[in-house]
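See below for the structure under consideration.
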Amino acid sequence: KKKTKKTMMLLYLRYNVFFLQLAIAWIPSYFHYQHQGKILQRFAIPEEEMEKSDIFSGLESVDQAMWRRVRSELYGGPDCNAPSTLVRFEKHCELRRSSASEDWIHLDNGERCVYAEQQYPGLEARPVWESMDWLTDLAERHGQKICDELKYKAPSLPFTRWTDPNSTRDYDSGWGMVHLHHYRPHLDKKCPRDLFPYTVNAIADVKAPMAPRYTSLARQRADRAIRSHTDRIPWMLTAHLPLFGPTAGEAALVVNGTRVPWIPMQPTVVDTTFHHYAENTHPSQDIYLVHIDFFHPDLSDDEIHALSVLHTNLETAKADRAKELKPMIQQLEAAFKL
C-alpha cells in the first residue's frame, strides 16, 4: 500500500509538471498573431531566452512565411505595398499582427464587441439589416424545396450542441447546427453535404457570398434560449432563412434589444457583433432554418478575395505550427514517461 501510494504521488507530480511545461510551450503559439513583446509581457519570459528558443524561432518563421505568401499573392511580391483597392485590408492585417487572438474591444458604448485582431475599418455597423437580394432569391425560388429536403431528415440529424463562449458553465440552450460548409478544412471535409444536395446547390445557385465561418442548417428547440453573447467578427453578417416551425413569432433572434422574429420563409439579416440571443418560447415546436455567415456588403470584390486568401493561409500556417511543435511534444512525453 505504501509503495502504491508513493507511485501515485510520483505520477501526480510528474504529470502536473508535464502539463505545466506543455502549457508554457503551447500558449505562446496560441497567441501567434501578437508581436513578440506582448508574448513576453503576458508570460514574463525573458526576451533573451525567447530569442534563443528553437520553438519560438520556428513559430516566428511560420508566421513570417505566411505573410510573405499573402503579400506575394495579393500585392505582387513579399515586400510590395498594398494596392489602393486593399488599403483597408492591409490595415486589417496590421491589426492582426499586433493583437492577441483572444483579446476583444467594446464599441458603440458597449453595444458591440469585436476581436481586436478582427477589426476592419470603414464598415457600417447596425444591428438589423434588410434582406440581401441573393437571400430573397434563395427564399423565393428555393425555400420550399430546401424545407422539404430538411423535413424528411430532421428527426435523425446529429445537430451539434452550441457552447457559449462567454460562459464558464455549460447549459442546454437548445441551439444546434448541421454544417454544410465549415471554415476549418479538416471539419469541412466531414460536412454531410451529400445529405442535402438540393440545399447546397441552391446556395451556390444564388451566389451567396459565404464567409469563412458557418453555412449550416440550424435548429432552435422549443422552450429553450441562448444567453446573450456576441460573435465578435465585424467583416461578416449573419443571414437566416426560417424553414418550418412556429408561425406566430414565438421563435426569434433579439439583437441589441430589437426582436427579429423567425417566421417561415421570411429571411433576416443581422450583425452579430452586437449583443444578441435566440429564443423559442413555443412549448413544443422546434424551429429549423438555414444559417449563412456572409461577407459584409461594404466589402469590395477585391477585399472579399483578399480575406479569402488570408483565411486559407491562416489555416495552412496553423497546420505548419502544429508540425513545428510536434517534436517538442514528443520529447516531453518521452521525458516524463514512467
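Just add up the charged neighbours of residue 244: K/R +1, D/E -1, any other residue whose Cβ is under 10 Å from the Cβ of residue 244.
Numbers: positive: 151; negative: 148, 286.
Taking every Cβ under 10 Å from that of residue 244, the sum is -1.
Ranked highest first by average number of other Cβ atoms within 10 Å, how do 249-258, 209-218, 300-309 line up?
209-218, 249-258, 300-309
So what are the three principal axis dimensions of the stretch 203-292 from its Cα atoms, in whole Å, longest to shortest?
That gives 35, 29, 17 Å along the principal axes, largest extent first.
Run through all the Cα pairs of the stretch 282-338 and give the fraction in each 10 Å bin from 0, expressed as whole percent.
Pair shares across the bins are 17, 21, 19, 18, 19, 6.
For the stretch 244-316, which whole percent of the accessible surface, found with a 1.4 angstrom probe, sits on carbon and sulfur atoms? Write down the numbers at each step before the final one.
On the way: 1280 of 2520 Å².
Of the solvent-accessible surface of the stretch 244-316, carbon and sulfur hold 51 percent.
Please report, for the Cα atoms of the stretch 114-247, the Rg to one decimal and the Dmax as a whole number; what are they, in angstrom?
15.8, 44
For the stretch 214-262, what is the accessible area per residue in Å², given a 1.4 Å probe and the full set of protein chains?
With all protein chains present, the stretch 214-262 gives 29 Å² per residue.
How far apart, in nm, are the 7 Å Cα→Cβ label points at residue 204 and residue 277?
4.0
Rounded to whole Å and ordered largest first, report the semi-axes of the equivalent ellipsoid of the stretch 96-189 derived from its Cα gyration tensor (root of 5λ).
31, 22, 15
The values are calculated or read from the model by the stated rules, or taken from the named source; none is laboratory data. All values derive from a computational prediction rather than experimental measurement. With ideal geometry, Cβ positions are generated from the backbone for all residues, glycine too; neighbour counts draw on all protein chains shown. The protein model used for the area step is the full one, side chains on, heavy atoms only, and it has no ligands, DNA or RNA in it. Shrake-Rupley method; radii C 1.70, N 1.55, O 1.52, S 1.80 Å.
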